[in-house]
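**Student:** Mind having a look at this structure? Questions to follow.
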Amino acid sequence: MKNLRIGILNGDDIGHEIVPASVQISRAAAELHGVAIDWQPLPIGRTALDTHGHTLPPQTLETLKTLDGWILGPIGHRAYPKGPNAINPHPILRKQFNLFANVRPTRSYPDIGCLHDGVDLVIVRENNEGFQPDRNMLLGNAEFRPNDEVTLSMRVITRTGSSRVARAAFELARQRRKHLTYVHKDTVFKLGCGMFVEECKKLAPEFPDVLVDDVIVDTMAMRLVRDPQTFDVIVTTNMFGDILSDEAAGLVGGLGMAPGLCIGDGNVCMAQATHGSAPDIAGRGIANPYAMMESTRMMFEWLGHSRANPGAVRMAASMSRAITEALGDSQARTGDIRGKGNTASMTDAVLRRIRA
Ligand code: ATP
């Protein structure tokens, strides 16, 4: 069995707290199941700007090409100084490695302040086109201001982009409760959302075991609040997915409970929590590490299957059990989810359960 090669990219702000915590629990689980991992710490973000003169140094990008996957901490690019070397690395990473599907689970746990019990859904957000002007063009940016009065924002929808994210969602639904909901607004965006819908519909005959339905995005925003338990896998375009996944996080305790895994054509995957770098709480040791830990766990499960590495699958299962049990420990879990603990106590609680 080849060693898994995994990058550690702390990112900014609370990334320096929650990424090391995720690596710590992964090391413990890997040791337990005899999974050999070559860890590669790599500079990125504000620290990389200070030490290497760029927020995404060329050597980081080159090394990523040699890895199976990596943990990317949150990026606080809004606080970067202005300048050509202080770029937001997200769109480059997602595009360069063709990470077109952002898989974002939402699950409710007891006693942590969820608005509903029994929520277990996954939003699959298209990652590389749509309205996001920093990643939907080969060159340039898809926002224009012809004069001081007018701004135009361009949305890019392609058949290929729609079809491949829909396929990823169908495949995920097949492994879960076999229910896929595609979300759009083709009543208004007749061509853009229309194309996305056409591609979802085209794939349905290949997945006869999956129940397929669709919901208009504004109705979805309402239904997520009212009856989130009725959904299994939801697939949608970039901006809708961005908004709905934060809404979904709000149902189950907030952004600290919102993990994510970016996947694409099967070569690599990137563990990336849904939340930002939370500068308001950075450095205080109180960030909830759940989202980053669970994103990391998803990465090992994905690698276990894609690299035929059963130890990594077992490792992910141990992490899952330990994380779930630690969430039940109100002394250990963080304050945002009705706990009395902090990042360190929650990490210790997970570690103890992995080693138990
Ligand atoms: P971005 O636009 O980069 O996604 P954002 O503007 O959505 O970022 P966040 O950095 O995600 O903002 O923070 C939003 C709020 O959620 C803040 O009050 C922050 O402290 C809180 N938050 C985010 N992540 C966590 C976490 N892991 N643990 C506890 N609180 C968090």
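The values are calculated or read from the model by the stated rules, or taken from the named source; none is laboratory data. Since this is a predicted model, take the numbers as computed values, not measurements. Cβ atoms come from the backbone with ideal geometry, glycine included; neighbour counts cover every protein chain shown. Ligands, DNA and RNA are excluded from the accessible area calculation, which covers all protein heavy atoms including side chains. Shrake-Rupley method; radii C 1.70, N 1.55, O 1.52, S 1.80 Å.
**Student:** Which of the residues spanning the range 280-292 are over 18 Å from Arg338 (Cβ atoms) and either near the ligand (Cβ under 7 Å from one of its atoms) or not in a loop (DSSP other than H, G, I, E, B) (or both)?
**Tutor:** Asp280, Met292
**Student:** Still on this model: How about the range 1-19: which of its residues are β-branched (Val, Ile, Thr) and touching a Gly at 6+ places or on another chain (Cβ under 7 Å)?
**Tutor:** Hits for the range 1-19 are Ile6, Ile18, Val19.
**Student:** Please find, among Leu138, Leu49, Leu56, Leu152, the residue that is among the aliphatic types (A, V, I, L, M) and under 16 Å from Met270 (Cβ atoms).
**Tutor:** Answer to the check: Leu56.
**Student:** Just need a number here: residues in the range 1-53 that are assigned to a loop (DSSP other than H, G, I, E, B) and closer than 15 Å to Gly304 by Cα.
**Tutor:** Looking only at that region, the number is 6.
**Student:** Looking at (1) open to solvent by 20 Å² or more (accessible area, probe 1.4 Å); (2) outside the structural domain of Cys269 (by TED's automatic domain parsing); (3) within 14 Å of the ligand (Cβ to nearest atom), which one does Tyr109 not meet, given that it meets all the others?
**Tutor:** (3)
**Student:** As an exercise: evaluate Ala101 against (1) within 16 Å of the ligand (Cβ to nearest atom); (2) open to solvent by less than 30 Å² (accessible area, probe 1.4 Å) and give the number of the one condition it does not meet.
**Tutor:** Result: Ala101 fails condition (1) only.
**Student:** I'd like the full set of residues that are free of Cβ contacts under 8 Å to residues at least 24 places away in the same chain and among the basic types (Lys, Arg), limited to the range 134-187.
**Tutor:** Arg145 - this is the single residue of the range 134-187 that is free of Cβ contacts under 8 Å to residues at least 24 places away in the same chain and among the basic types (Lys, Arg).
**Student:** Could you count how many residues in the range 121-154 are more than 14 Å from Tyr182 (Cβ to Cβ), of a type in the set (Lys, Arg) and surrounded by 18 or more Cβ atoms within 10 Å (Cβ to Cβ)?
**Tutor:** Residues that pass the stated criteria total 1.
**Student:** Output the number of the condition that Gly266 fails; it satisfies all remaining conditions of (1) over 25 Å from Glu31 (Cβ atoms); (2) within 16 Å of the ligand (Cβ to nearest atom); (3) of a type outside the set (Phe, Trp, Tyr); (4) open to solvent by 10 Å² or more (accessible area, probe 1.4 Å).
**Tutor:** (2)
**Student:** Here's something else I'd like to know. Anything in the range 321-338 that is crowded, with 17+ Cβ neighbours inside 10 Å and part of a helix (DSSP H, G or I)? List them, or say none.
**Tutor:** Across the range 321-338, the qualifying residues are Ala322, Ile323, Ala326, Leu327, Asp336, Ile337.
**Student:** Follow-up question, since we're still on this one. For the subset of the range 140-164 comprising residues that are of a type outside the set (Ser, Thr, Tyr) and assigned to a helix (DSSP H, G or I), which member is farthest from Lys190 (Cα to Cα)?
**Tutor:** Out of the qualifying residues, it is Arg164.
Listed here are the residues, each with its yes/no results for (1) surrounded by fewer than 24 Cβ atoms within 10 Å (Cβ to Cβ); (2) over 18 Å from Thr158 (Cβ atoms).
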site: Leu191; (1), (2): yes, no
site: Cys200; (1), (2): no, no
site: Ala204; (1), (2): yes, yes
site: Val215; (1), (2): yes, yes
site: Asp227; (1), (2): yes, yes
site: Val235; (1), (2): no, no
site: Phe240; (1), (2): no, no
site: Ala258; (1), (2): no, yes
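**Student:** Looking at Ile25, Ile8, Ile44, Ile75, can you tell me which residue is surrounded by 15 or more Cβ atoms within 10 Å (Cβ to Cβ) and touching an Asp or Glu at 6+ places or on another chain (Cβ under 8 Å)?
**Tutor:** Answer to the check: Ile75.
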